[in-house]
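Heads up, the thing below is written out as structure tokens.
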Amino acid sequence: MEDAGALPIEMDVSSMETGQVIEVYPHDGKTVDLKTGETICEWQLKTPVILDEVRAGGRIPLIIGQGITRKARAALGMDGDLSSMFTLPVPPSGKKPEGFTLAQKMVGRACGLKEGEGILPGQYCEPAMTTVGSQDTTGPMTRDELRSLACLGFSADLVMQSFCHTAAYPKPVDVETHSSLPDFIRTRGGVSLRPGDGIIHSWLNRMLIPDTVGTGGDSHTRFPIGISFPAGSGLVAFAGATGSMPLDMPESVLVRYSGTMQEGITLRDLVQAIPWTAEQMGLLTTAKQNKKNIFSGRVLEIQGLPDLKCEQAFELSDSSAERSAAGCTIQLNKEPIIEYLNSNIVMLKWMIAEGYGDLRTLERRISRMEQWLLNPTLLEADPGAEYAAIIEIDLDTLTEPILALPNDPDASATLSEIANTHIDEVFIGSCMTNIGHFRAAGKLLEKVDGALPTRLWVAPPTKMDEAQLVEEGYYSIFGKVGARTEMPGCSLCMGNQARVADGCTVVSTSTRNFPNRLGKGANVYLSSSELAAVTSILGRLPEVEEYKAFMRETNSSAADTYRYLNFDQLPDFVKSASSVEISDEMKEAAQKLQMAK
Ligand code: SF4
């Protein structure tokens with residue numbers, strides 16, 4: 001709303017009657033009854049800067065106006081003090097905490113603060129946007145915004161455009177977007193994917209620099225390394241064009257895992273354990289009226305799983321969108337990040353060899369990754385950091401899968417509570433999946449003799465996952481059981497492409513199960529790929545022991561199943577990458593950026 005120049009006000013309306021005529025006094029912070037003049041409630045604007053934003057017609061015109069004023073004053077030999085002309089943000093008052101959270105430090109670094117210092121909750125800031133993502137349903141709007149900003153070149157270090165939401169079943173308007181948007185992005189120095197390449201996040205995550213900040217027009221732009229604050233198309237365009245973004249630093253909620261993963265438990269169960277535990281603690285409710293959600297508008301910060309691979313970490317950060325969190329951080333050790341970046345460098349070089357552009361941006365990003373690898377250090381939360389809440393999850397006590405119930409990703413149940421529920425269709429796909437999930441599903445399905453009692457949909461996240469699964473023979477397993485394999489991309493998760501049958505009951509690995517998203521009147525449970533595959537075989541949710549028996553059979557080959565796409569170990573990618581040389585100019589540019597962080 002602030003970006004549109006509106007005046008958002010939060011007030012207590014419990015003493016208001018329908019039909020009562022009121023007067024609102026934004027400067028005084030009160031609402032009065034027009035007839036009696038009696039004050040109904042008092043409130044505060046989120047920040048007094050909002051009044052300037054309204055006057056300017058939105059947050060972006062105000063920032064641009066301030067920038068021009070600053071430059072004009074400098075040209076006239078005047079100081080940079082704007083306080084007589086603009087209402088400037090005031091730092092939060094009160095006692096300073098004894099430390100900063102990981103998110104606060106990342107944003108602090110992106111704002112140019114001294115190393116290790118952070119931005120406190122409530123503080124207005126404009127962090128540098130190192131990576132910006134745009135997907136195809138909001139891409140045309142972002143293009144319009146970029147035009148209105150007269151943007152001829154991106155200032156953000158890397159802007160990437162995807163076509164994952166519309167590639168499989170394009171409408172005429174999508175076909176036009178597919179042909180015109182790539183050039184628009186590339187000529188401004190951005191990187192454009194191609195229709196059929198796959199899901200935005202599975203690509204963008206592979207272009208990230210650790211501990212940096214970014215944004216994206218897709219609400220699931222949730223970096224597994226660094227942090228992103230997803231935004232509307234106007235702010236995304238602004239971030240791409242100027243290389244920074246206005247942000248009121250949110251508070252953080254800490255989720256801390258401890259203990260050991262139990263038999264049959266998957267990372268997806270750890271994801272659902274977050275709302276499940278928060279509900280038990282009274283921090284989250286599922287009733288629509290007076291809904292409580294401790295995560296809403298806050299940063300979800302995750303500790304206790306430092307050895308996760310970055311692909312796994314994304315399952316956790318991705319799901320922070322379902323919690324309505326503003327962003328997410330995951331404290332990882334440097335080893336999985338080193339492994340990820342070494343792989344990603346080869347993937348980016350392969351992209352250059354395959355003719356993707358913008359060439360200079362890809363070269364610069366490769367060089368930045370190489371620079372980081374020379375001295376791989378990571379920011380960490382301080383012990384004295386303060387959180388709005390701390391949620392402890394003991395893995396020793398998680399002994400059975402947890403699913404999201406129809407049709408609310410916050411509503412959770414353990415498998416034993418809903419075992420034997422009849423299921424019509426199963427979807428394995430979305431940005432919550434990676435190649436390991438499809439191998440696991442394939443290994444479970446391999447033993448099926450004949451047709452499945454369910455309709456099974458399979459959609460890998462990227463074309464590289466698809467090619468690897470074909471090469472390893474998994475597509476022949478999916479074909480043999482009659483699964484419907486979809487083009488890499490969002491598929492059923494997006495809900496605007498193929499759909500499940502009206503009114504059917506579904507188990508899905510996708511991100512969210514809001515009413516009618518996957519199909520009209522569909523009842524959708526969210527689960528792990530492993531549980532989804534077992535369900536597709538049985539035509540119902542299994543009993544816990546039945547599920548564990550299936551999992552035991554595949555556990556012996558877990559090391560083979562949960563291998564991720566390490567491009568630096570795939571001969572075809574290594575061969576393509578070896579033909580790519582990075583220019584000295586981009587090496588130098590990357591070095592400067594990396595030193596400035
Ligand atoms: S898979 Fe679903 S959640 Fe992920 S980007 Fe696509 S539509 Fe969004």
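How high is the relative contact order of the chain, in percent, counting Cα pairs under 8 Å that sit 6 or more residues apart?
14
Which of rounded, prolate, oblate describes the stretch 1-127, given a ≥ b ≥ c as roots of the alpha-carbon gyration tensor eigenvalues and a/c under 1.5 marking rounded, otherwise prolate only if a/b is larger than b/c? Working shown, then result.
Details: a/c = 2.76, a/b = 1.53, b/c = 1.80.
Since a/c reaches 1.5 but b/c is at least a/b, the shape of the stretch 1-127 is classed as oblate.
So how do 284-290, 58-64, 254-260 stack up, highest first, on mean other-Cβ count within 10 Å?
58-64, 254-260, 284-290
Give the lysines whose C-alpha is closer than 28 Å to that of Lys349, dropping any in the same chain fewer than 8 places away, or say none.
Lys309, Lys334, Lys463, Lys575, Lys587, Lys592, Lys597
First check a/c for the stretch 87-188, with a ≥ b ≥ c the square roots of the eigenvalues of its C-alpha gyration tensor; if it is under 1.5, answer rounded, and if not, answer prolate when a/b is larger than b/c or oblate otherwise.
Taking the square roots of the gyration eigenvalues as a ≥ b ≥ c, the stretch 87-188 is prolate.
Using Cα positions and a limit of under 17 Å, work out the lysines in reach of Lys443, with same-chain residues fewer than 8 apart set aside.
Once the sequence-local lysines are set aside, what remains near Lys443 is Lys480, Lys548.
So what are the ³J(HN,Hα) numbers for the stretch 520-535, from phi and the Karplus equation (6.51, -1.76, 1.60; θ = phi - 60°), rounded to whole Hz, Gly and Pro as x?
Calculated HN-Hα couplings, in order: 5, x, 6, 9, 10, 8, 10, 8, 6, 5, 4, 5, 4, 5, 4, 4 Hz.
Could you work out how much longer the chain between His422 and Asn566 gets when fully extended? Use 0.36 nm per residue separation minus the Cα distance between them, nm to one decimal. Spell out each step's value before the answer.
Numbers: separation 144, 0.36 × 144 = 51.84 nm, distance 3.82 nm.
Between His422 and Asn566, full extension yields 48.0 nm more.
Using the charge dipole of the stretch 1-88 (Lys, Arg: +1 at Cβ; Asp, Glu: -1 at Cβ; taken about the Cα centre), state which of Gln44, Met85, Ile68 has its Cα farthest towards the positive end.
Looking along the dipole axis, the top candidate is Ile68.
I'd like the Karplus ³J(HN,Hα) series for the stretch 315-326: coefficients 6.51, -1.76, 1.60, θ = phi - 60°, whole numbers in Hz, and an x wherever there's a Gly or Pro.
4, 6, 5, 4, 6, 5, 5, 5, 7, 6, 6, 6
In debye, nearest 20, what is the charge dipole magnitude of the chain about its Cα centre with +1 on Lys and Arg Cβ and -1 on Asp and Glu Cβ, if you could check?
On the way: 54 positive and 77 negative charges, 229 e Å.
With only Lys, Arg, Asp and Glu charged at Cβ, the dipole is about 1100 debye.
Using the beta-carbon distance between Ala74 and Ser578 and R0 = 56 Å, what value does 1/(1 + (r/R0)^6) give for FRET efficiency, to the nearest 0.05? Don't skip to the answer; put the middle values down first.
Numbers: r = 48 Å, r/R0 = 0.86.
With R0 = 56 Å, the Cβ-Cβ based efficiency is 0.70.
Which of the three applies to the stretch 402-561, rounded, prolate or oblate, going by the alpha-carbon gyration tensor with a ≥ b ≥ c and a/c under 1.5 meaning rounded? Present the calculation step by step, with values, prior to reporting the outcome.
Values: a/c = 1.58, a/b = 1.15, b/c = 1.38.
Judged from the Cα gyration tensor, the stretch 402-561 comes out oblate (a/c at least 1.5, b/c at or above a/b).
For the stretch 1-60, run through the GluC sites (Glu not before Pro) and keep only the ones in DSSP coil with at most 11 other Cβ atoms within 10 Å of their Cβ. Don't skip to the answer; put the middle values down first.
Values: sites: Glu2, Glu10, Glu17, Glu23, Glu38, Glu42, Glu53; in loops: Glu10, Glu17, Glu38.
Passing sites in the stretch 1-60 are Glu10, Glu17, Glu38.
Which one, Leu378, Ala110, Ile582, projects farthest toward the positive side of the charge dipole computed for the chain from Cβ point charges (K/R +1, D/E -1)?
The listed residue farthest towards the positive side: Ile582.
Leaving ligands, DNA and RNA out of it, rank His165, His27 by accessible area with a 1.4 Å probe, largest first. Kindly include the intermediate steps, with their values, before the conclusion.
Numbers: His165 10, His27 145 Å².
I get His27, His165, largest accessible area first.
Given labels modelled 7 Å from the Cα in the Cβ direction, how far is it in nm from Glu98 to Met141?
4.5
Between Thr166, Met249, Gly479, whose Cα lies farthest towards the positive end of the dipole of the chain when Lys and Arg beta carbons carry +1 and Asp and Glu beta carbons carry -1, centred on the Cα centre?
Thr166
Within 13 Å, Cβ to Cβ, of Leu51, how many net charges do the neighbouring residues add up to if Lys/Arg are +1 and Asp/Glu are -1?
Values: positive: Lys46, Arg55, Arg59; negative: Glu2, Asp28, Asp52, Glu53.
Overall, the nearby charge balance is -1.
Give the accessible area for Cys431 in Å² (nearest 10); use a 1.4 Å probe, count only protein heavy atoms, and leave out ligands, DNA and RNA.
20
Report, ordered by chain and residue number, the lysines lying within cross-link reach of Lys292, taken as a straight Cα distance under 25 Å and ignoring same-chain residues fewer than 8 apart.
Result set, ordered by chain and number: Lys46.
Kindly report, to the nearest 10 Å², the accessible surface of Ile22 as traced by a 1.4 Å probe over protein heavy atoms only.
60
For the chain, what % of the accessible area comes from carbon and sulfur atoms, probe 1.4 Å?
Details: 12360 of 24240 Å².
Looking at the chain in its full context, I get 51 percent from C and S.
Find the lysine pairs in the stretch 77-189 meeting two conditions, Cα atoms under 22 Å apart and a separation of 8 or more places or different chains, and report how many there are.
Details: Lys95/Lys105; Lys95/Lys114; Lys96/Lys105; Lys96/Lys114; Lys105/Lys114.
So the count of such lysine pairs works out to 5.
Between Lys30 and Ala287, what length comes free when the chain is fully extended (0.36 nm per residue of separation minus the Cα-Cα distance, one decimal in nm)?
Working it through step by step, the gained length comes to 89.5 nm.
Once you treat every alpha carbon in the chain as an equal point and sum by Debye, what is log10 I(q)/I(0) at q = 0.10 Å⁻¹?
-0.91
When the dipole is taken about the Cα centre of the stretch 402-561, and only Lys, Arg (+1) and Asp, Glu (-1) are charged at their Cβ, what size is it in debye, to the nearest 20?
Values: 14 positive and 19 negative charges, 67 e Å.
So the dipole magnitude of the stretch 402-561 works out to roughly 320 debye.
Rolling a 1.4 angstrom probe over the protein heavy atoms, how many square angstrom per residue are accessible across the chain? Spell out each step's value before the answer.
Working: 24240 Å² over 597 residues.
Per-residue value: 41 Å².
The values are calculated or read from the model by the stated rules, or taken from the named source; none is laboratory data. The model shown is predicted, which means the values in this text are computed figures rather than measured ones. Heads up, the Cβs are rebuilt from the backbone with ideal geometry, glycines too, and the neighbour counts pull from every protein chain shown. For accessibility, only protein heavy atoms count, side chains too; no ligands or nucleic acids. Shrake-Rupley method; radii C 1.70, N 1.55, O 1.52, S 1.80 Å.
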